[in-house]
Each structure stands twice: as structure tokens, then as C-alpha cells.
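FYI, it's all coordinate maths here, none of it is from the lab. Computed from a predicted model, the values in this text were never measured in an experiment. So basically every Cβ, Gly included, is an ideal-geometry build from the backbone, and we count neighbours across all protein chains shown.
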Amino acid sequence: MNTAIVRAPSAQTLLRLGRVSNLPTVWTNVIAGATIANTAATVADIANVGLAMTAFYVGGMYLNDFFDREIDARERPGRPIHAGYIGAATVSVIGFALLAAGVALLAPFGPFTAIWALALAGAIVLYDAWHKGNRFAPVIMGLCRELVYLATGAAVSGDVRTALIVGATALAAHVIGLTYAAKQENLNQVGRLWPLAFLAGPLLVALSGVVAGWLVVVASLLLCAADIAAVRLLARRTTADAVPRAVSMLIAAICLVDALAVALNGGGIALTGICASGYPLTRLFQAAVPGT
């Protein structure tokens with residue numbers, strides 16, 4: 001009688017599936033969204049929202065691998081499901097459970113916040129299930145990050161104001177640009193560079209606030225430098241891993257978008273610095289766990 005040995009997935013497999021190296025970008029999203037919406041938001045509320053958004057992000061990444069499993073079998077056979085490190089059903093259960101946990105963690109903030117939480121969960125599933133072959137997939141991914149800001153603002157203030165929508169839209173523009181590049185990652189090429197112009201969105205929003213002080217200028221320069229470094233890498237492609245490296249850099253630069261948003265909305269040096277520090281922290285984590 002043969003006995004099948006079922007091995008639990010390793011910690012490395014679970015971390016890789018969740019792209020946990022990118023989590024600092026989620027946490028700075030929460031800090032920025034909370035700062036724009038309510039500078040008096042409590043640490044406890046921000047921490048609770050941060051935990052919820054962590055669940056949303058990791059759950060979304062798990063479901064990304066689940067829905068992509070057939071394509072990954074052809075294009076990325078080293079991904080955990082096809083490599084046999086974990087079963088597809090297990091990945092699916094974990095992914096949907098984490099999305100449910102994210103909604104449950106935000107629900108106590110009230111029905112208004114719960115609606116935004118459900119919208120975020122829906123956008124995540126929509127992207128994961130329909131991003132292959134969908135020309136509008138980068139827009140949906142941008143919407144996912146935009147909803148992180150909006151749900152955070154709803155949780156800490158009970159409202160979604162114009163400033164928050166502007167900040168969320170600027171963040172979405174950056175994410176649209178990097179997602180376009182990410183969709184070309186398997187080919188290690190970017191056929192057209194013009195969609196990367198979306199990366200300039202946050203900087204254009206910042207133009208009106210440059211006169212507000214040196215902190216906005218510094219935050220703008222940091223983001224500009226990070227974007228230029230990544231785009232140059234995309235344009236030149238001097239190494240075999242140029243595109244995935246550039247995509248990882250642009251993901252990390254989300255923290256700098258958040259730093260700029262905090263600076264523009266009077267968050268002060270400390271919070272701006274915390275968000276900006278997310279960039280090197282994310283890059284450090286990406287060296288251990290791939291961010292794409």
C-alpha cells in the first residue's frame with residue numbers, strides 16, 4: 001500500500017507567494033492615506049488599518065498565482081504551484097481567507113469603510129482573474145492602490161475628501177506606469193515606453209506645492225531620481241534581468257510617492273522620512289524575497 005507524503009509548504013514558499021518584500025509599500029500607503037485624511041488619526045487605528053491592508057495585499061498576491069497557474073506553467077515554471085511546492089487549492093483558500101480577513105478588520109470602522117473594503121477586495125479579485133490579455137489591467141491595478149488610500153481615509157476620518165482623492169489618483173498613476181512595465185517582464189522588454197509617462201503623475205500634482213517648503217522639494221527630487229534610475233534601466237536593458245530589476249525599483253518607489261503625499265499634506269519631517277525610508281527597506285527585502 002503506497003502512502004503519499006504531504007509536506008507542508010516551506011516558509012520561503014509562503015513568503016514568495018505573498019511577495020512580502022513589497023509590504024513596506026503597503027504600510028506607507030496607509031500612513032499617507034491616514035495623514036491626508038486625518039492628521040489626528042490614532043496609532044491604534046493606523047495599525048489596525050495597516051494589518052487589514054497587509055491581509056489584502058498578501059491575499060491578492062496568493063490569488064494572482066492561483067489564477068495565473070496555467071500560464072505560469074508555460075512561462076514561469078519555477079513559480080511555487082507549478083513547481084509542486086504548494087497545491088493550487090491551498091493557495092486559493094489562503095488568498096480568499098486573507099481578503100475576508102481584510103474586510104473583517106475594516107468593518108468595525110463602520111459601514112462606510114466596509115463598503116470601501118469590499119470595493120478593494122473586488123478590485124483585487126478582478127485584477128487577478130482578468131489581467132492576462134487585458135489592456136486595461138494596469139488601470140485596475142492602479143485602482144487597487146487608489147482604494148487603499150480611500151479605504152484608509154474612510155477608516156480614520158469617516159469621510160473621503162478631495163485631497164485624499166487627488167493623492168490616491170496620483171498614486172494610481174504611478175502604479176499604472178509600473179504595472180505596464182511589469183506586464184512585459186517575462187519578455188524582458190518594454191515595447192513602448194510612453195505608458196511610463198504615468199509615473200510623472202505624482203510629480204505633476206506636487207508642482208502646486210513646491211512653494212510650500214523644502215520638504216516637498218526634497219520628496220519630489222527623491223521620487224524623480226528613483227523613477228529616472230528605473231526608466232533608464234528599462235530603456236537600456238544592458239543586463240538580462242533589467243526589466244524585473246526596474247519593476248522592483250518602481251514598486252519600491254511607491255514609498256516615495258507616499259512620502260511626497262505626506263509632505264504635501266503637512267505630515268511633517270518625521271512621517272515623510274518614515275515613508276521615504278520604505279524605499280531602501282523594500283529594496284533590502286527584495287534581495288531576500290523576489291518582489292515580482
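General observations
- Based on C-alpha pairs under 8 angstrom that are at least 6 apart in sequence, the chain has a relative contact order of 24 percent.
- Using alpha-carbon coordinates, inclination of helix 88-106 to the longest axis of the chain, degrees: 30 degrees
- Mean separation of Cα pairs under 8 Å and 6 or more residues apart, divided by the residue count, gives segment 30-110 a relative contact order of 39 percent.
- Calculated [222 nm] ellipticity per residue, helices only, for the chain: -23500 deg cm²/dmol; basis is -39500 (n - 2.57) per DSSP H run with n ≥ 4, divided by all residues, nearest 500.
- Both radii were evaluated on the Cα set of segment 13-288; the Rg over Rh quotient, with Rh as the Kirkwood radius, amounts to 0.95.
- Shape parameters for segment 152-292, alpha-carbon atoms, Rg then Dmax in Å: 15.4, 49
- 0 to 90° range, to nearest 10: angle between helix 162-182 axis and the chain longest Cα axis: 40 degrees
- Note on residue 7 and residue 197: the model spin-label points, each 7 Å out from Cα along the C-beta direction, lie 5.1 nm apart.
- Relative contact order for segment 20-160, counting Cα pairs under 8 Å that sit 6 or more residues apart, in percent: 34 percent
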